[in-house]
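The block underneath contains the structure these notes are about, expressed in structure tokens.
What follows draws every value from the coordinates through simple rules; no lab data is involved. Just so we're clear, the structure is a prediction, and the values are computed from it rather than from any experiment. Cβ coordinates were reconstructed from backbone atoms using ideal geometry, including for glycine residues, and neighbour counts include every protein chain displayed.
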Ligand SMILES: O=C(O)c1cc(=O)[nH]c(=O)n1[C@@H]1O[C@H](COP(=O)(O)O)[C@@H](O)[C@H]1O
């Protein structure tokens, strides 16, 4: 089963497009340590696994604790039920020979189903991730941060924004063989999301920015959903982890997403 088949199966089985982010910010930990990061994630996974279409651990927060943090990431990943897809958020990208090692790390050493990756070095830097048909690659396209305007929104001589060129290149060339890519399209710029969806009606979006970053969930779903009511995975980290009751918050987000899907 390919990554996107696993993701679609999970989304349909539990009727959820919610991706629970596992971001152990040290300010949120009871103990500022690798063990504290593990316990943070252990609690979140336990509380939200019934409504999580996927989990998205961000490697940065574990790497901050050095080798103990890396070990805590491995222990965290082992807690995730096998039927729940994992998005390793590491935004990797290098020359091809180096990306090979990043791909081995993510897909073999950590045995993750998918990874976020940067297109900045072009197609040969992404091939080591894309060549494994069973894995998914979320290519950064129009990120949720204000700085995405600095480069991603630059207008090309063709008149189209760079992010749209990346989106088309990704599916027209880079991922053509296995079609095992998705696009990271932040929920904070729905105009961009609308343009990308119009150009690529079938691809999956990973759309962070809801909650702490102030993205508009209703607008994002309105323009981002595919005709089949799927196609957009909504990762939320702090919006759930900082809630008084993360379990209840995750259930509320899932229900809100589904109500908006139904109303569309
Ligand atoms: O690749 C990502 O997941 C990502 C892409 C992007 O454009 N914006 C973005 O916020 N993210 C990540 O998504 C998570 C968002 O966290 P919250 O704002 O707390 O929900 C963080 O782990 C970010 O690194």
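See the values below:
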| read-out | value |
| --- | --- |
| Answer from 91, 56, 82 - the residue that is under 30 Å from residue 249 (Cα atoms) and free of Cβ contacts under 8 Å to residues at least 12 places away in the same chain | 82 |
| Any hit, the range 37-52, residues being within 30 Å of residue 127 (Cα to Cα) and free of Cβ contacts under 8 Å to residues at least 60 places away in the same chain | no |
| Count - residues of the range 206-224 that are under 15 Å from residue 253 (Cβ atoms) and within 13 Å of the ligand (Cβ to nearest atom) | 11 |
| Residue 129 vs. criteria without any contact (Cβ under 8 Å) to a residue 60 or more places away in the chain, touching a strand residue (DSSP E or B) at 6+ places or on another chain (Cβ under 8 Å), closer than 23 Å to residue 23 by Cβ and crowded, with 23+ Cβ neighbours inside 10 Å | yes |
| All positions within the range 242-264 that are part of a loop (DSSP other than H, G, I, E, B) and farther than 20 Å from residue 44 by Cα | 264 |
| Pair list, Cβ < 7 Å and 6+ apart or interchain, from the range 139-152 residues that are farther than 16 Å from residue 164 by Cβ to residues that are not in a strand (DSSP E or B) | 144/186; 144/187; 144/188; 144/208; 144/209; 144/213; 144/215 |
| Members of the range 175-194 found to be more than 12 Å from the ligand (Cβ to nearest atom) and in contact with a strand residue (DSSP E or B) (Cβ under 7 Å, 6 or more places away or on another chain), listed by number | 175, 180, 181 |
| Some residue of the range 19-34 being out of contact with any helix residue (DSSP H, G or I) (no Cβ under 8 Å at 6 or more places or on another chain) and away from the ligand (no atom under 16 Å from the Cβ) | no |
| Count - residues of the range 218-241 that are crowded, with 20+ Cβ neighbours inside 10 Å, touching a residue at least 40 places away in the same chain (Cβ under 8 Å) and not in a strand (DSSP E or B) | 4 |
| Some residue of the range 195-205 being within 15 Å of the ligand (Cβ to nearest atom) and part of a loop (DSSP other than H, G, I, E, B) | yes |
| Odd one out for residue 100 among (1) surrounded by fewer than 21 Cβ atoms within 10 Å (Cβ to Cβ); (2) in a helix (DSSP H, G or I); (3) within 14 Å of the ligand (Cβ to nearest atom) | (3) |
| Positions within the range 103-154 being under 19 Å from residue 59 (Cα atoms), within 16 Å of the ligand (Cβ to nearest atom) and assigned to a helix (DSSP H, G or I), in sequence order | 106, 126, 129 |
| Unique match (being part of a loop (DSSP other than H, G, I, E, B) and surrounded by fewer than 13 Cβ atoms within 10 Å (Cβ to Cβ)) among 173, 188, 158 | 158 |
